[in-house]
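Below: the structure, in structure tokens.
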Amino acid sequence: MAQQQQFLTTDPAPQRSQAWLLLTALVLTGLSMRTAVTSAGAVLDDLQADLHAGSGIAGLITTLPVICFAALGALTPRLSHRFGAHRLLVASLLLMTVGMVLRAVVGSIWPFLLLSVLALSGGAISNVLMPSLVKRHFPDHIGRMTAVYTTALAIGLTASAGLTVPIGRLGDGWRLGLGSWALLSAMAVLPWLPLLRRDRPDRSVERGLSARGLVRSRTAWAVTIFFAFQSLQAYISFGWFAKFLHAHGLSTSTAGWLVALVAAVSIPVSMIVPSISPRRHRLLIVVLSACTLGSYIGLAVAPVGGAWVWMALNGVGGGTFPMSLTMIGLRTRTAETTAALSAFVQSIGYTIAGTGPLLFGVLYGVTAGWALPLALLTVAMAITLVAGWIAARPTCVDDELAESAP
């Protein structure tokens, strides 16, 4: 029955011309998925001054992506079944484009925040839909196609973080830099358009999938915890490592380049990790966790002397992110279950991950030192290792739900 259901809910292998179209769609969408987040962070000081926003509002700007990813991610499966996955993705990318253009021209902070929700909608909905679309169109190449869009995501993240300010200098400052990334999300719409007519969701499947059902799956929880705590570490890394390194004597410029190294290293890692055989996932989790642990120990013992090495190790350890997305597709039998699991994992995961920078900052503020904050990272790494080890079992959420059904 499971095999029959999988046949019904995945597309036949695409023809060569359509495969190239889908590949282009994955790449362009991946490139767009984080530009609304990192471009705003790159010009945060300038837009804060220009829009007369206080430090509390600036903190809200940096927290808004996590809120949107969790809230919109939870709604995505229902909207996908109602309107179709391709139509929903296209609509979200269009909203993203409009939001990115308009927020770059407003003159006050509250319209900027509201339009940022639109700008973030494309990334939030893409987060959930991309694993299920890979499962639907490339059921026999989940790892390889996940590598395509996660690598594109890493490139887009790195590019928008590093190029937003230089682009702004070509015109009127942060507004041009921020709005220019709308071109990329607009381009991402185009290759999806020919697929819109194929959106005929099977509503009978929708009634069989729910968060309540996924709560009964041990594998679903393992993947969720794995995703949550690897994301928590990443948020702390990008939010606090520059300050940590600057506090130990490095210039702000050097500290910024070191954090950028983490993102740069993640690009080749995102190409390699999803392509590794699932049979070796447990070994891979141990290797990635060892790299992450090595970076934390290095930061504690010799934060300046080996900073470039520790940041490179941290970037390699960040391979747990594309691995967690690959597991969402591998631990399900149908595209519908993949979408439900993706929403379950990411809505809960991003909520947990969003607390990471706050907890790190509280520990630093209370102790006026870095020992406890680094201990928090080490504990998060250990939880990631254990959860990933469990999630790597060759079991499917669909089977666990069937076994636990009353």
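The values are calculated or read from the model by the stated rules, or taken from the named source; none is laboratory data. In this text the structure is predicted, and so the values were computed from the model without any measurement. Cβ sites come from the backbone with ideal geometry, for glycine too, and all protein chains shown count toward neighbours.
Within the stretch 280-297, the only residue that satisfies the criterion of being in contact (Cβ under 8 Å) with a residue 12 or more places away in the chain and among the charged types (D, E, K, R) is R282.
Among residues of the stretch 308-348 being charged (D, E, K, R) and not in a helix (DSSP H, G or I), the one that is farthest from I285 (Cα to Cα) is R333.
Within the stretch 348-368, none of the residues are outside the structural domain of A85 (by TED's automatic domain parsing) and in contact with an Asp or Glu (Cβ under 7 Å, 6 or more places away or on another chain).
Residue check, S295 against (1) surrounded by 20 or more Cβ atoms within 10 Å (Cβ to Cβ); (2) closer than 27 Å to V134 by Cβ; (3) at pLDDT 95 or above, all met but one. Which one? Here S295 clears every test but (2). Here is a check on your reading of the model: is V117 in the same structural domain as L94 (by TED's automatic domain parsing), in a helix (DSSP H, G or I), under 28 Å from V316 (Cβ atoms) and not acidic (D, E)? Against the criterion (in the same structural domain as L94 (by TED's automatic domain parsing), in a helix (DSSP H, G or I), under 28 Å from V316 (Cβ atoms) and not acidic (D, E)), V117 does not qualify.
For the residues S80, S108, the requirement of being among the polar types (S, T, N, Q) and crowded, with 24+ Cβ neighbours inside 10 Å singles out S80.
Each residue in the stretch 59-95 was checked for being touching a residue at least 60 places away in the same chain (Cβ under 8 Å) and within 18 Å of A42 (Cα to Cα), and 3 of them qualify.
Return a yes/no flag: does the stretch 292-304 have any residue that is in contact with a Ser or Thr (Cβ under 7 Å, 6 or more places away or on another chain), assigned to a helix (DSSP H, G or I) and closer than 27 Å to A124 by Cβ. Scanning the stretch 292-304, I find no residue that is in contact with a Ser or Thr (Cβ under 7 Å, 6 or more places away or on another chain), assigned to a helix (DSSP H, G or I) and closer than 27 Å to A124 by Cβ, so the answer is no.
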